[in-house]
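For reference, the structure is listed below as structure tokens.
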Amino acid sequence: MCRECIRAPGWSDKVKLGRVSDHFIFSVETVGMLRPEDLLPEAIKVLVAKCDVAVESLNAVDDELREEEDEEDDDDDDAME
């Protein structure tokens, strides 16, 4: 973000520059036939699909770890008997 708007005398008390913690600014550039307006929604769909796959994989690993813990607990219970 440039500070050109507050460099001139008298403007620094009239203009406040800052960041909003839950916002971000980015630009989309394309090469080829797709316009940024068309590309961004498609890119978001692909990103969401990849996130879904990642979440499913993490859930599968979590399920496996829980099953292993349950088996170990069962083995410990059997050993105590």
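Here are some notes:
- Ordering of 7-16, 22-31, 43-52 by packing [mean C-beta count within 10 Å, highest first]: 43-52, 7-16, 22-31
- Gyration tensor analysis over the Cα atoms of the range 4-80 returns equivalent ellipsoid semi-axes of 52, 25, 7 Å (largest first, whole Å).
- Radius 14 Å from Cβ of D38, net charge of other residues (Lys, Arg +1; Asp, Glu -1): -1
- Angle in degrees between helix 36-80 and the longest Cα principal axis of the chain, rounded to the nearest 10: 30 degrees
- Projecting the Cα atoms of C2, T30, S12 onto the charge dipole of the chain (Cβ charges, centred on the Cα centre) puts S12 farthest toward the positive pole.
- Using only side-chain charges placed at the Cβ, +1 for Lys and Arg and -1 for Asp and Glu, the dipole size of the chain relative to its Cα centre rounds to 2640 debye.
No lab work stands behind these numbers, since they all come straight from the coordinates. Model, not experiment: these values are computed from the prediction. Positions of Cβ are generated from backbone atoms using ideal geometry, with glycine treated the same way; all protein chains shown enter the neighbour counts.
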